[in-house]
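Everything below concerns the one structure shown next.
The values are calculated or read from the model by the stated rules, or taken from the named source; none is laboratory data. Model, not experiment: these values are computed from the prediction. Note that each Cβ is placed from the backbone with ideal geometry, even for glycine, and that neighbours are counted across all protein chains shown.
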Amino acid sequence: MTRKIKALLPLLVCLPSVTMAAPAHVFCPHLIDVRSGERIDNVRVTVEDGRFGEIERGASAQDGDTVLDGLTCVPGLTDMHTHLLYEFGPKTYLEGYTLNEADYALRGAVHAERTLLAGFTTVRDLGDSYNATVALKNAINSGMLPGPRIFTAAKSIATTGGHADPTSGDRANIQGDPGPKQGVINGIADARKAVRQRYKDGADLIKITATGGVLSVASSGQNAQFTDDELKAIVETAKDYGFHVAAHAHGAEGMKRAIKAGVTTIEHGTYMDDEAIKLFKRYDAWYVPTIIAGKWVEEKSRIDGFFPDVVRPKAAAIGPLIQGTFARAYEAGVQIAFGTDSGVSAHGDNAWEFVYMVAAGMPPAEALKSATISPAIVMKKQEVMGAIEPGKFADLIAVPGNPLEDINVMRDVRYVMKAGKAYKAP
């Protein structure tokens with residue numbers, strides 16, 4: 001033995017030993033193959049380093065396996081439209097003046113955990129305050145907090161007086177003149193600067209409010225709110241930074257302008273007409289319906305004083321239409337990705353959207369696909385998300401019964417695994 005090796009021996013003895021974690025296994029008596037739309041029996045799933053390994057069909061449970069007796073396994077779900085910092089109520093408009101950044105951040109942490117335990121292991125957050133969802137995303141990714149994998153737009157982008165102008169409804173002496181940093185643009189230069197600011201803030205995508213909205217304190221819920229050149233500048237700049245663009249749109253004209261400009265998704269889509277449907281298909285755009293939000297605002301519009309007077313008629317008129325729009329879009333072959341607008345309705349109630357989609361004519365297998373494979377395609381994450389397949393994130397949930405026969409069971413999630421870690425067990 002050389003003198004150098006002898007000298008190193010004491011150091012080598014002191015080094016800590018490194019052991020690799022052994023693969024874990026989950027035994028699913030039943031498993032939904034979301035690609036084929038079939039339920040498969042007796043599947044043994046290998047989980048290693050937060051990813052799926054071997055998927056054995058026709059297998060038997062072995063000692064040490066997590067056995068999900070009586071349950072059906074489904075890939076972890078994705079909700080493409082959430083607002084984790086908020087949960088709407090009659091005090092929401094006042095809270096914009098009484099809550100601090102920390103209040104919103106703490107609320108977001110509570111809502112994130114509730115969302116995860118409902119079976120949604122991934123979400124897009126489409127509009128926040130104070131960039132708190134960027135901090136929430138980072139805390140969850142570091143393991144500090146339980147919650148879904150977050151892709152956040154941070155602050156939505158609007159035009160002056162538009163649906164996401166944070167000063168709409170304020171009295172004149174406190175409105176100020178918000179600009180691109182606050183997510184308010186007027187013109188091409190502002191549009192590009194607002195996208196770049198979102199990049200600087202740590203966002204993952206861009207959200208614009210292409211038309212008026214239901215809950216903003218403004219008279220119209222459907223007027224177009226961006227010019228063609230502003231939309232083009234946003235989409236072009238977003239592509240430079242690897243962002244896709246989600247566009248809130250109720251009215252047909254703003255929807256069509258956004259699709260022609262190249263946005264990836266249209267949210268809500270209430271007044272979608274035949275021309276808009278053709279544009280969806282021509283431009284390969286996706287539709288995120290948020291039926292539950294429509295039903296929720298219509299229900300609350302019947303309560304005196306729940307909404308400001310300017311909001312109440314919009315909620316009563318627009319809310320009931322969304323499910324019918326969804327039915328027509330699905331029948332026409334528009335690509336659909338699951339989304340709820342949770343934060344309007346309560347977090348944790350996300351799976352009601354499945355019930356409403358199926359009631360409107362979408363088969364359960366297609367509804368499940370809209371919350372698994374489709375979001376992965378939209379966000380270009382097909383290699384790591386969307387199905388229980390080797391190499392993908394080990395996101396797996398389990399429900400009683402067979403969701404292909406009764407979609408209501410998706411509201412009763414008994415087991416939740418995200419990236420190989422169990423957060424909820426029977």
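Numerical summary
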read-out: Candidates V297, V310, V263, filtered to the one that is assigned to a loop (DSSP other than H, G, I, E, B) and buried (at least 18 other Cβ atoms within 10 Å of the Cβ); value: V263
read-out: The range 359-372: number of residues that are in contact with a Pro (Cβ under 8 Å, 6 or more places away or on another chain) and more than 17 Å from V413 (Cβ to Cβ); value: 0
read-out: Yes/no for A218 being at pLDDT below 95 and surrounded by 19 or more Cβ atoms within 10 Å (Cβ to Cβ); value: yes
read-out: Condition broken by G339, with the remaining ones in (1) within 23 Å of F226 (Cα to Cα); (2) in contact with a Ser or Thr (Cβ under 9 Å, 6 or more places away or on another chain); (3) crowded, with 18+ Cβ neighbours inside 10 Å satisfied; value: (1)
read-out: Unmet requirement for V45, which otherwise passes all of (1) β-branched (V, I, T); (2) within 27 Å of D165 (Cβ to Cβ); (3) not assigned by TED's automatic domain parsing to the domain that holds V245; value: (2)
read-out: Answer residue from the range 93-147, given it is among the aromatic types (F, W, Y) and surrounded by 15 or more Cβ atoms within 10 Å (Cβ to Cβ) and is nearest to M379 (Cα to Cα) among those; value: F120
read-out: The range 374-418: number of residues that are surrounded by fewer than 17 Cβ atoms within 10 Å (Cβ to Cβ), part of a loop (DSSP other than H, G, I, E, B) and not charged (D, E, K, R); value: 6
read-out: Residues located in the range 360-373, provided they are over 17 Å from T340 (Cα atoms) and either of a type in the set (D, E) or assigned to a loop (DSSP other than H, G, I, E, B) (or both); value: G361, P363
